[in-house]
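The values are calculated or read from the model by the stated rules, or taken from the named source; none is laboratory data. The model shown is predicted, which means the values in this text are computed figures rather than measured ones. Please note: Cβ atoms are built from the backbone with ideal geometry, for glycine as well, and neighbour counts cover all protein chains shown.
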Amino acid sequence: MKRLWQRLAARPLLLFELLLASFFTHVLGLASSIYVMLVLGRYISHGLDATLFTLCSGVLIAIALEAAFRGARFKLAAVFAGQELELNAAGFSILAQAQFQHLDRIPPELRMELAGSAREAHQPFQPHHLTALLDLPFALVYVIALWFLSPSLALSACLAMAACLGLGAWQLRRLGGLSTRAMGLAAKRRELLSTAVFGAQDLRLFRAGGVLQRAWNQLNAQLSTVELKLTQETGAARTLTGTIAALMGVAVITLGAVMVVQGQLTVGVLIGANILAARALGPLAQFVGLSETVSKAEAARAKLEQFLRLPLEAAGGTVIKNLAGRLEFKEVAFSFPGARMPLFEGVSFVLQPGAALGVVGPNGSGKTTFARMTAGLVDPVRGQILVDGVELRQLNPGWWRGQLIHLPQEPLFLNGSIRENLQAANPEADEATLEEAVRLAGLSAFLDATANGLETLVENNGRTLSPGVRRRLALARGLMTGGKIVLLDEPFEGLDGEGQTAVQEVIAALRARGATVILLSHDRNALRGVNAVLDLGRKPVPALMLPQRPGESAPPSAAAGSREGGPVHG
């Protein structure tokens with residue numbers, strides 16, 4: 001509730017207009033009670049049709065004005081509801097712009113949950129919910145009117161309102177923990193669902209369906225228990241609210257009847273007072289009914305705020321004119337948070353333009369992390385990475401990635417046409433650049449065999465494409481940038497002999513025009529022609545070696561054979 005009022009207070013003029021419209025709405029709402037009292041007190045007593053006509057006309061005008069103010073209030077409240085777009089945009093911008101090294105620590109399913117929680121967090125701002133909450137303070141309008149009729153009856157209504165208000169506050173606290181737990185269980189269930197959808201083949205091949213089914217059943221049972229508890233608590237609160245309203249009605253009628261017999265009230269005033277008491281209690285009863293919505297929104301908002309606090313990538317930075325492509329690593333080290341030892345440390349080398357460095361190591365040795373670090377997605381914990389003498393951290397991230405020809409190990413594509421996927425890497429590229437990238441990547445034969453060519457749709461983020469086509473498409477996308485730094489992670493994976501030859505030819509052509517190449521692979525045969533090899537399998541300080549020559553039993557150390565000023569030196 002505190003966050004709700006803070007959000008409302010952030011737009012004081014709009015809040016004032018809402019409150020003013022609510023005030024007139026409830027003041028005009030008094031007309032029906034006054035009409036009942038006057039009809040019973042004047043028309044029935046004297047029987048003058050003119051009096052009835054006047055009263056009826058007046059109450060109809062009041063009802064029409066009340067409806068107009070309610071409509072205006074609903075439109076004003078809809079402006080706050082429009083802020084949901086801002087929250088959704090903010091949540092998605094974190095996915096697109098947060099620093100990768102922080103975002104990558106959050107499981108993908110949880111990222112989806114957090115980014116999508118904006119809708120749940122914004123539920124109290126929906127016009128019908130917001131207007132119901134804004135009605136709370138205006139319950140006093142009916143209490144004040146009731147006080148002028150009978151302080152005793154007003155006191156009965158106040159006691160019932162206090163009971164409802166306390167019940168709503170108590171329920172908010174009680175449901176908060178249940179809502180948080182339900183959201184956590186729902187997120188875990190979505191993780192299992194994602195595994196079942198995207199891992200259907202492995203589930204069958206490795207007979208893991210039974211394990212997943214048991215976990216699914218267990219989570220469903222836990223979630224059903226929590227949701228049932230939420231439903232029971234909400235139902236019990238509504239039942240109790242109804243009971244409080246019924247008791248208040250009995251109290252008002254009973255006390256009022258005694259006052260009528262004693263001559264302190266008329267029957268018309270008693271009926272009008274009963275209507276006023278019911279309308280005074282209405283907003284608080286609505287508040288109790290909304291407590292589940294508010295508690296879920298509070299839980300979602302708390303999660304969303306943690307997500308929104310992730311640091312964003314820099315929007316600006318240094319841009320190097322006439323980039324040559326000289327890369328230098330100075331005592332670079334990387335370790336994951338909480339790890340007992342670094343993934344690697346003490347990495348130092350200079351890679352001159354036109355040179356090629358091979359990076360090898362078994363799975364888990366850090367090749368992909370090395371590629372991400374070179375791309376500026378993660379920062380080293382120690383040391384420096386220099387590009388033409390400028391530290392990588394100082395460069396504009398968007399500009400730097402535009403200088404990369406990057407082939408990731410697990411490429412992912414947009415759900416759109418092949419043309420859109422290629423142009424996304426370089427929207428300013430012309431048709432000739434696109435056709436050249438397709439040709440060099442060896443993608444032409446695939447496009448010629450399809451009915452729509454470049455307009456062929458990529459579905460399921462490219463997962464339906466064969467591994468070879470995915471690699472060729474990813475390479476073509478990378479070539480679209482025309483960058484001076486080439487970063488290829490497992491470039492031969494999924495390719496046949498013809499595809500591997502095509503990649504080798506692309507690498508040779510890129511080096512011939514002065515591009516700096518880094519090849520990452522566990523397969524040393526993929527590193528033919530490189531100037532040096534960095535072995536991340538050596539821990540904690542990787543070994544920088546010259547490539548193995550034919551007939552040699554082991555590659556010599558770069559420290560013994562490197563040449564200062566050569567393509568690569570350590």
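Would you confirm, using the coordinates I've provided, whether Leu310 is in a loop (DSSP other than H, G, I, E, B) and out of contact with any Phe, Trp or Tyr (no Cβ under 7 Å at 6 or more places or on another chain)?
Taking the combined requirement at face value, the residue satisfies it.
Looking at Gly249, Gly263, Gly256, which one is modelled with pLDDT of 85 or more, buried (at least 19 other Cβ atoms within 10 Å of the Cβ) and small (Gly, Ala, Ser)?
Gly256
For segment 450-467, does any single residue satisfy the condition of being within 27 Å of Thr368 (Cα to Cα), touching a Lys or Arg at 6+ places or on another chain (Cβ under 6 Å), buried (at least 18 other Cβ atoms within 10 Å of the Cβ) and not aromatic (Phe, Trp, Tyr)?
Yes - at least one qualifying residue is present in segment 450-467.
Looking at segment 403-410, can you tell me whether even one residue there is loosely packed, with under 12 Cβ neighbours inside 10 Å and over 20 Å from Gly482 (Cα atoms)?
Scanning segment 403-410 turns up at least one residue that is loosely packed, with under 12 Cβ neighbours inside 10 Å and over 20 Å from Gly482 (Cα atoms).
I want to confirm something. Restricting to segment 311-338 and keeping residues that are among the aromatic types (Phe, Trp, Tyr) and closer than 22 Å to Leu357 by Cα, which single residue is farthest from the chain's Cα centre (by Cα)?
Among them, the one singled out is Phe329.
Does Thr243 fit the bill of being in a helix (DSSP H, G or I), closer than 30 Å to Met183 by Cβ and among the hydroxyl-bearing types (Ser, Thr, Tyr)?
no
Condition check: closer than 21 Å to Arg190 by Cα, surrounded by 12 or more Cβ atoms within 10 Å (Cβ to Cβ) and β-branched (Val, Ile, Thr). Does Val226 satisfy that?
In short, yes.
Could you name every one of the helices (runs of 4 or more DSSP H) located completely within segment 399-472 that has at least 1 residues being more than 25 Å from Ala96 (Cβ to Cβ)?
In segment 399-472, 431-440, 444-449 are the helices (runs of 4 or more DSSP H) which contain 1 or more residues that are more than 25 Å from Ala96 (Cβ to Cβ).
Would it be correct to say that Ser521 is modelled with pLDDT of 50 or more and either crowded, with 18+ Cβ neighbours inside 10 Å or assigned by TED's automatic domain parsing to the domain that holds Gly325 (or both)?
Judged against the criteria, Ser521 is a match.
Can you spot a residue in segment 36-44 that is under 19 Å from Tyr142 (Cβ atoms), buried (at least 17 other Cβ atoms within 10 Å of the Cβ) and among the hydroxyl-bearing types (Ser, Thr, Tyr)?
No: segment 36-44 contains no residue that is under 19 Å from Tyr142 (Cβ atoms), buried (at least 17 other Cβ atoms within 10 Å of the Cβ) and among the hydroxyl-bearing types (Ser, Thr, Tyr).
Sort out which residues of segment 487-505 are under 24 Å from Gly366 (Cα atoms) and assigned to a helix (DSSP H, G or I), and write them in order of number.
Within segment 487-505, Gln500, Val503, Gln504 qualify.
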